[in-house]
Amino acid sequence: MLPLSKCKLGGTYTISDIKGLSLSITRRLYELGLLKGQRLKLARRSLLGGAFLIEIRGYTLSLRSNIASSIFVEG
Amino acid sequence: MIQANLVGNPNTGKTTLYNTLSHSHEHVGNWHGVTVEEKTISYKYKNSDIAITDLPGIYSLSALSFEEKVATDFIFSHNKHIFINICDASNLQRNLYLTLSLMELNVPIILVVNQIDKRKICNIDYEGLSEALNVKIVYISASDKSCKQKISDAIIELDGQLSNGFLPHYNLDYKDKLIRENNSKLSKFDKKIKEKAKNNSNLEDFIKIKLLEDDGDVKKKLDIAEDFNGAKQVAQARYDFIDMLMSKFSSKRERVYGHSALDKIFLNKFLALPIFLLLLFACFYLTFFSLGGFLSDGLGFLLERFIGSPIISFLTSNFGEGSWVVSLFENAVIGGVGSILTFLPQVALLFFFLSLLEDSGYLARVAFVFEDVLGKVGLSGKSVYTLLMGFGCSTTAVLTARNMEDKNSKIKTGLLTPYMSCSAKFPIYAVLGGAFFGANNIFVICGLYLLGVVIAVALSYVLDKTLLKSKEQSFILEFPPYRSMSIKRSLSVLWINVKMFVSRVATLILAMNIVVWFMSNFTITFKFVGNGGVSILETFGRILSPLFSPLGFGNWGIVSALIAGLVAKEIILSSIAMFNGIEDSSTNAIQSSIILSTSAVYFASKSAVVSFLVFCLLYFPCVSTFSVLLKEIGKKWTFIGALIEFIVAYLTAFIIYTIGRCFEVFGFVRVFVLLLAIVLIILSVFVIYRKIKNRKTCPYESNCRGCKRGRK
């Protein structure tokens with residue numbers, strides 16, 4: 001289990017947990033479909049690593065790095 | 001009157017549908033959160049009056065940002081209305097999440113599935129879906145001309161059923177199961193819930209689910225402090241249900257919504273920023289110089305030839321030279337308003353390019369690229385939208401700060417927007433800068449735009465470290481797909497902006513010009529200045545002008561123009577035209593007048609004019625932006641913001657003027673060497689300071705892990 005922010009670009013991972021974020025942000029991630037067992041693809045990282053782009057449930061989402069490091073995934 | 005609300009995820013075409021239904025022209029874009037407040041309009045269809053309300057986009061009934069709160073509050077307080085839930089066909093499974101939340105609230109729903117993109121991502125069996133959920137589904141596509149008819153018919157049909165006592169009943173298997181499984185946690189609040197729901201069993205269920213989700217507002221209303229920790233379970237149940245529906249009624253998806261092959265270029269680590277800057281530069285160049293400049297010159301010529309001159313010769317022959325009527329028309333109407341009106345093509349083009357950036361879906365990419373910087377100064381990549389809109393008009397841009405989630409970030413974004421040089425300031429740069437810099441004026445103008453951005457970012461950084469720390473601001477942004485702009489839409493964008501600009505010039509600007517004309521042509525005892533005497537504005541201007549001498553423009557005309565410009569920035573240029581007695585609408589006349597030392601508005605040097613332009617860029621947005629800020633961020637911060645603007649404007653103009661004068665007086669090389677030395681000294685002091693500070697705060701001192709600073 002490792003945070004999404006440490007994963008290799010282009011890889012596909014399975015979400016295992018989201019922890020360390022406020023309730024409202026965590027709830028929003030759930031609502032957007034970031035739930036345990038969900039597959040996602042890490043598509044892109046910004047130049048300084050401040051933002052991440054993922055593909056999940058057939059759509060594309062960009063996230064701040066603190067969120068990406070709170071999403072724990074398995075390979 | 002039948003009342004219907006448009007509800008849906010961001011960027012699913014709610015406002016486009018609203019415009020189609022009501023024949024109005026609200027602003028739409030290919031971006032999350034263009035609509036930030038509810039808007040209602042009514043129309044007549046087959047003898048029925050239908051009032052339709054457009055709401056900001058939401059993902060669920062739990063609001064995160066301020067615009068979402070506008071929408072959810074409206075939904076809860078108007079739950080007797082008909083809800084038109086619009087979904088994007090290309091992203092249906094995610095969109096259905098909100099649909100389920102609405103169905104849990106048990107409101108009457110018409111599900112509108114919008115096929116925005118021409119290429120289908122997958123095939124969906126809408127009849128089957130409609131039956132499974134027990135809801136009416138209307139399928140529309142962007143090119144569909146009959147969509148108004150389809151939706152209006154559906155609204156009238158549903159309204160008829162409702163007035164015959166029909167109650168919506170949706171087939172949500174998971175809902176009862178969720179409540180049953182959590183009964184042990186919920187049962188002790190049964191009494192409170194029943195009381196609140198007034199024995200409406202559907203509302204009871206809804207409250208229970210909101211409690212499981214730990215919804216702050218609902219818990220507060222029921223005075224419950226306990227944590228239920230069920231948000232994950234609720235979301236999982238809804239998505240499991242959606243997956244079940246999708247596996248039954250949808251074919252396999254062919255590609256991902258949003259991310260596209262073009263992003264390989266536009267989001268390339270090293271190319272992204274240069275591409276953005278190049279695009280922006282191209283937009284500005286086309287708008288202000290090549291195409292826009294050409295059109296503007298043409299318009300100026302036509303206005304002068306066919307409107308200006310005939311009116312003046314008519315008036316002069318009837319009233320005689322030197323009468324106040326001639327002066328009013330010559331100076332206030334033709335010189336003042338005319339000089340602004342010639343900028344019509346440029347302003348319209350600027351707004352057109354901003355819409356193009358927005359519609360194309362490129363803006364979300366810009367937000368992604370700038371998250372690196374904006375995240376560090378306590379904003380979010382999403383602020384890019386507000387700041388970019390600020391290049392058009394600060395007043396409307398400030399409203400979009402509602403897409404922020406954190407109160408302090410919203411205040412900051414609102415305060416920073418006026419530093420983006422708005423379209424009304426451009427004529428000042430073009431005319432005054434042009435007089436001194438000629439063809440090189442393009443660099444002055446680019447510099448001014450850049451200066452505004454740099455100051456905004458720096459100020460945000462300072463505010464974030466001091467008074468306005470961001471606490472909960474984050475960045476979660478959905479990527480829309482790239483879309484091209486239709487010709488019809490381009491023309492409509494251009495037309496709306498031409499109309500807006502002309503009506504603004506014909507009302508506010510004209511009225512203000514007449515006021516300024518009056519104040520600059522009559523004495524305090526209301527005598528026409530033509531007969532000798534000092535005008536009202538000149539009196540005040542002379543009192544205040546010593547304040548501005550250190551900035552290089554301490555003459556009464558300039559100061560009076562700045563005072564008049566508090567109302568709207570366009571008036572600065574038209575006031576200058578009036579004070580200098582310009583009698584036609586061509587900008588050349590203004591340009592040749594401001595370099596004459598006998599004029600009321602006169603600039604002695606290049607540094608004086610640059611200093612003035614910098615002051616105009618920074619000093620105060622305009623009355624309408626100020627009043628919107630009062631509403632959006634409150635009295636305290638609006639006034640503090642205005643104060644900061646004056647201080648920043650004064651200091652920056654002072655520094656630029658002083659440095660500029662030094663260059664002019666002592667020569668370029670000497671001053672450059674001196675400046676370089678100062679910068680180097682400051683930098684080295686800073687580096688030394690950092691080194692000393694870091695040594696003290698090394699977190700691993702007791703249990704050293706070893707790092708670049710060496711092992712202890």
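The values are calculated or read from the model by the stated rules, or taken from the named source; none is laboratory data. Quantities reported herein were computed from a predicted structural model and do not represent experimental measurements. As a convention, Cβ positions derive from the backbone with ideal geometry for all residues, glycine included, and neighbour counts pool all protein chains shown. Keep in mind that these areas ignore ligands, DNA and RNA; they rest on the heavy atoms of the full protein, side chains included. Shrake-Rupley method; radii C 1.70, N 1.55, O 1.52, S 1.80 Å.
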Tally up the carbon and sulfur contribution to the accessible surface of chain B as a whole percent, 1.4 Å probe, everything protein left in place.
-> 63
Could you name every residue in the range B:227-243 that has 10 Å² or more less accessible surface in the full protein assembly than in its own chain alone (probe 1.4 Å, ligands and nucleic acids excluded)?
-> B:231, B:232, B:235, B:236, B:239, B:243
Return one number: the angle in degrees, 0 to 90 and rounded to the nearest 10, between the long axis of the Cα atoms of helix B:623-633 and the longest principal axis of the Cα atoms of chain B.
-> 30
Quick one: angle between helix B:635-666 and the longest Cα principal axis of chain B, in degrees between 0 and 90, rounded to 10, please.
-> 40
For the range B:17-69, what's the relative contact order in percent, using C-alpha pairs closer than 8 Å and at least 6 residues apart?
-> 30
Taking the reciprocal of mean 1/r across every pair of different Cα atoms in the protein assembly as shown, the Kirkwood radius in Å is 29.4
For chain B, averaging the sequence separation of alpha carbon pairs under 8 Å that lie six or more residues apart and dividing by its residue count, the contact order in percent is 12
Evaluate 2.2 N^0.38 Å with N set to the residue count of the range A:2-74, then give the Cα radius of gyration divided by it.
-> 0.96
Where labels lie 7 Å past Cα in the beta-carbon direction, separation of residue B:48 and residue B:194 in nm | 3.8
Using label points projected 7 Å from each Cα along Cα→Cβ, tell me how many nm separate residue B:529 and residue B:271, to one decimal.
-> 5.8
Unit Cα scatterers, Debye sum, chain B: log10 I(q)/I(0) for q = 0.06, 0.12 Å⁻¹ | -0.46, -1.32
Computed lengthening from residue B:495 to residue B:693, 0.36 nm per intervening residue step minus Cα-Cα distance = 65.5 nm
Treating only Lys and Arg (+1) and Asp and Glu (-1) as charged, each at its beta carbon, one finds that chain B has a dipole about its Cα centre, in Debye to the nearest 20, of 2460
Residues whose modelled amide H sits under 5 Å from the amide H of residue B:8, counting only those 5 or more places away in sequence or on another chain, are B:58, B:86
P(r) over all Cα-Cα pairs of the range B:2-163, 10 Å bins from 0 to the longest distance, whole percent per bin, short to long, reads 10, 44, 38, 7
Could you work out the helix-only [θ] at 222 nm for chain B, with each DSSP H run of four or more residues adding -39,500 (n - 2.57) and the total divided by the number of residues, to the nearest 500 deg cm²/dmol?
-> -17500 deg cm²/dmol
Those residues of the range A:51-70 whose amide nitrogen sits under 20 Å from the label point placed on residue B:376, 7 Å along Cα→Cβ | A:51-53, A:63-69
Estimate the FRET efficiency between residue B:145 and residue B:120 by the formula 1/(1 + (r/R0)^6), using the beta-carbon distance for r and 25 Å for R0, to the nearest 0.05.
-> 0.80
Express the relative contact order of chain A as a whole percentage, based on alpha carbon pairs under 8 Å and six or more residues apart in sequence.
-> 45
Residue-normalised accessible area of the range A:2-74, given per residue in Å² at a 1.4 Å probe = 34
Residue-ordered couplings for the range B:234-249, obtained by feeding phi - 60° into the Karplus form 6.51 cos²θ - 1.76 cosθ + 1.60 and rounding to whole Hz (Gly and Pro as x), are 5, 4, 4, 4, 5, 5, 4, 5, 4, 4, 4, 4, 5, 5, 7, 10
Would you mind getting me the FRET efficiency between residue B:325 and residue B:260? Use the beta-carbon distance for r and R0 = 41 Å, nearest 0.05.
-> 0.10
Here FRET efficiency (C-beta to C-beta, residue B:23 to residue B:295, R₀ 22 Å, nearest 0.05) is 0.15
Residue B:141 long-range amide H proximity, modeled H, under 5 Å | B:115
Euclidean distance of C-alpha centroids, the range B:127-180 and the range A:54-75, integer Å = 33
For the range B:293-401, count the residues as N, evaluate 2.2 N^0.38 Å, and divide the Cα radius of gyration by that value, please.
-> 1.65
Value in Å of the Kirkwood radius, where the range B:430-471 supplies the Cα pairs that are averaged | 12.1
Other-chain or far-sequence residues with amide H under 5 Å of residue A:11's (modelled H) | A:42
For the range B:2-163, dividing by residue count, accessible area per residue (probe 1.4 Å) in Å² works out to 35
When the Karplus curve 6.51 cos²θ - 1.76 cosθ + 1.60 is applied with θ = phi - 60°, which whole-Hz ³J(HN,Hα) does each residue of the range B:217-225 get, with x for Gly and Pro?
-> 5, 5, 4, 5, 4, 8, 6, 10, 9
What's the carbon and sulfur percent of the range A:2-74's accessible surface, probe 1.4 angstrom, rounded to a whole number?
-> 52
Rank B:453, B:138 by accessible area, highest first, at a 1.4 Å probe radius?
-> B:453, B:138
Protein accessible surface hidden between A and B, which excludes ligands and nucleic acids, total in Å², probe 1.4 Å = 3600
Under the Karplus curve 6.51 cos²θ - 1.76 cosθ + 1.60, θ = phi - 60°, whole-Hz ³J(HN,Hα) for the range B:446-462, x wherever Gly or Pro sits | 4, x, 5, 4, 5, 4, x, 5, 4, 5, 4, 5, 5, 5, 4, 4, 4
Between the helical axis of B:66-77 and the dominant principal axis of chain B, each derived from Cα atoms, what acute angle in degrees is found, rounded to the nearest 10?
-> 50
